[in-house]
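Q: Got a structure for you, written out below as structure tokens; questions coming shortly.
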Amino acid sequence: MKILVINCGSSSLKYQVLDMANETLLAKGVVDRIGLDGSYLKHEKVNVDDKYVLEIPIADHTAAIEGVLAALQDPVYGVLKNMDEIAAVGHRVVHAGEKYSKSVVIDDAVLAALEECIDLAPLHNPPNLMGIAACRALMPTVPMIAVFDTAFHQTMPPESYTYAIPYEYYTKYGIRRYGFHGTSHKYVSERAAYMLGVNIEDLKIITCHLGNGASVSAIKRGKCIDTSMGFTPLAGLAMGTRSGDIDPAIISFIAAKEGLNAEEVVSILNKKSGMLGVSGISSDFRDIEEAIAEGNARAELALNVFVHNVRFYIGAYIAEMNGLDALVFTAGVGENDVNTRDLICNDLGNLGIKLDLIKNKVRGKEAVISRDDSKVAILLIPTNEELVIARDTYMLAKEL
Ligand code: ADP
């Protein structure tokens, strides 16, 4: 059974085809700059060195999917004889509000429910829905499955997800903590249990998804009980360009001082803050560390703020779970940034967290990086959100 996984953003679309008989990746690619000048499709067939790159105008998401389907059936670079080989399509959908705690087969009722969630994720859900509509138009008989970023976090107890604001804002508008990166937190926590050879039911795990967007989750007995992102992905840790948690009164203060409205300030908190805002240099941790090596004090401050934030959540979640068995690092920074992992774990011995500085010198592959005498296992686990989407899609499609 072959599954097509689609992750559709406003101007880009990433895809993968997996053979679920042995969970192998057959091909992957990206369509970028959809609807803009210079749009292109880059397609890679696994085990073939050269890439298939098409630089053609791609007006909209339907044209993008058409390009993907053509690439997948290309005589040289393709992996399918015809589209009938695709048993189902799995779509990443960012926000399902409180409507879904698991992946679902998409039908008209699901689409209507997701339309209702647009308010909650105005930047993310519309392109996700456009991707679904384009696929349904081009593959009307193929089942479509939605896999949600928010679903894994739906197990949080009310005291974790409730904001201490007038309760009717929750009941009227759904304002609460939702959390994001759910497929990643789920995947790496399950993988951690597998690597440790322990049933996930017996583990307390903190997963640190540290990429351009970053979040930390507390996972007790396989269920998320808290996570650092909130009503939107702006909350929690300082990130590449996002502020993370700040005193909410700062918004009206900046608005008054700078002559902006609340929306404009929030846009600054999303796009011009975090590592970029504090360092004044870049949102990319590689640039930040290069600047630190050259003696740039603000770059060092930015990294220290980030490290402080991650440690803050680790401490909080150890308290919430009354202990910790495994600490997991994943995503761009978590998988590749030896120095930042070192700083995060530094001097946490009293909490049972002892990083092995030699074992920590590893990038992008599964590894146990804690010392043998560390009570808490520290693990590096590359995330694989597409595989989770493909698995859920496969499981649901099999039942149809
Ligand atoms: P997202 O999916 O949220 O866009 P990723 O998980 O791909 O982000 O992470 C991208 C970020 O990872 C980059 O912006 C960069 O800061 C960081 N990163 C990638 N490789 C390295 C590295 N070798 N050292 C330090 N940071 C890295």
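Q: List every DSSP H helix in the chain whose Cα atoms extend 24 Å or more along the helix's own long axis and whose mean Kyte-Doolittle hydropathy is at least -0.5.
A: Those that pass (Cα extent of 24 Å or more, hydropathy at least -0.5) are 297-321.
Q: Treating only the Cβ atoms of Lys and Arg (+1) and Asp and Glu (-1) as charged, compute the dipole magnitude of the chain about its Cα centre; round to the nearest 20 debye.
A: 560
Q: May I have the pair-distance distribution P(r) for the chain, computed from all Cα-Cα distances with 20 Å bins from 0 and rounded to whole percent?
A: Distribution as computed: 26, 58, 16, 0 percent.
Q: Turning to a different aspect of this structure: How big is D, in µm² s⁻¹, for the range 300-400 by Stokes-Einstein at 20 °C and 1.002 mPa s if Rh is the Kirkwood radius over C-alpha pairs?
A: Rounded, D is 144 µm²/s.
Q: Next up: Mind giving me the nanometre distance, one decimal, between the label points for Glu289 and Asn47, set 7 Å out from Cα along Cα→Cβ?
A: 3.4
Q: Take every Cα pair under 8 Å in the chain that's 6+ residues apart, average their separations, divide by the length, and report that relative contact order as a whole percent.
A: Taking the mean separation of contacting Cα pairs over the length of the chain, I get 14 percent.
Q: Give the value in nm², to one decimal: projected area of the alpha carbon convex hull of the range 38-103, averaged over all directions.
A: 6.6
Q: Put +1 on the Cβ of each Lys and Arg and -1 on the Cβ of each Asp and Glu in the range 246-295; which of Ala291, Ser273, Phe253 then has its Cα farthest toward the positive end of the dipole?
A: Of Ala291, Ser273, Phe253, it is Phe253.
Q: Name the aspartates and glutamates eligible as straight-distance cross-link partners of Lys45: C-alpha to C-alpha under 15 Å, and not fewer than 8 places from it in the same chain.
A: The qualifying aspartates and glutamates are Asp19, Asp74.
Q: Treat the count of other C-beta atoms within 10 Å as a stand-in for reagent exposure and order Met395, Met195, Met144 from fewest to most.
A: Going from sparsest to densest Cβ surroundings: Met395, Met195, Met144.
Q: Can you work out the base-10 log of I(q)/I(0) for the range 91-192 at q = 0.18, 0.22 1/Å, using the Debye formula on its C-alpha atoms alone?
A: Calculated log10 I(q)/I(0) at the listed q: -0.88, -1.18.
Q: Does the range 123-270 come out rounded, prolate or oblate, given a ≥ b ≥ c as the square roots of the eigenvalues of its C-alpha gyration tensor, rounded meaning a/c under 1.5 and, failing that, prolate meaning a/b above b/c?
A: oblate
Q: Fewest to most neighbouring Cβ within 10 Å: what's the order for His308, His185, His153, His95?
A: Lowest to highest Cβ neighbour count: His308, His95, His153, His185.
Q: Let me ask something additional. Only Lys, Arg, Asp and Glu count, each charged at its Cβ (+1, +1, -1, -1), so figure out the dipole size of the range 1-81 about its Cα centre, rounded to 20 debye.
A: On the way: 8 positive and 11 negative charges, 34 e Å.
Using only the charged Cβ atoms, the result is roughly 160 debye.
Q: Mind scanning Lys81/Lys398; Lys102/Lys223; Lys81/Lys186; Lys102/Lys271; Lys42/Lys271 and naming the pairs with a C-alpha gap bigger than 24 Å?
A: Numbers: Lys81/Lys398 21 Å; Lys102/Lys223 13 Å; Lys81/Lys186 34 Å; Lys102/Lys271 30 Å; Lys42/Lys271 27 Å.
Long pairs (Cα-Cα over 24 Å): Lys81/Lys186; Lys102/Lys271; Lys42/Lys271.
Q: Here's another thing I want to ask about it. Which whole-number percent is the relative contact order of the range 281-384 (Cα, under 8 Å, 6+ apart)?
A: That works out to 23 percent.
Q: GNM on the chain, C-alpha springs below 10 Å: top fluctuator among Ala113, Ala21, Ala193?
A: Ala21
Q: Please arrange Lys204, Lys365 by how many other C-beta atoms lie within 10 Å of their C-beta, fewest to most. Could the numbers behind the result be given before it?
A: Numbers: Lys204 19, Lys365 9.
Least crowded to most crowded, the residues run Lys365, Lys204.
Q: Taking 45 Å as R0, compute the FRET efficiency from the Cβ-Cβ separation of Ala262 and Lys223 and round it to 0.05.
A: Rounded to the nearest 0.05, the efficiency is 0.80.
Q: Counting other C-beta atoms within 10 Å, and keeping those with at most 14, which DSSP coil GluC sites (Glu not before Pro) do you find in the range 266-305? The partial results should precede the final answer.
A: Values: sites: Glu289, Glu290, Glu294, Glu300; in loops: Glu294.
Those that pass, being in a loop and sparsely packed, are Glu294.
Q: Still on this model: Projecting each Cα onto the charge dipole of the range 353-400 (Lys/Arg +1, Asp/Glu -1 at the beta carbon, about the Cα centre), which of Thr393, Thr383, Ile353 comes out farthest on the positive side?
A: My answer, from the dipole projection, is Ile353.
Q: Measuring from centroid to centroid over Cα atoms, what is the spacing of the range 277-311 and the range 1-50 in Å?
A: Centre-to-centre distance over Cα atoms comes out at 32 Å.
Q: If you find the alpha carbon centre of the range 129-159 and of the range 328-385, how far apart are they in angstrom?
A: First find each Cα centre; the distance between them is then 32 Å.
Read-outs throughout are calculated quantities, based only on the coordinates presented, and are distinct from any laboratory measurement. Because the structure is a prediction, the values reported are computed rather than measured. With ideal geometry, Cβ positions are generated from the backbone for all residues, glycine too; neighbour counts draw on all protein chains shown.
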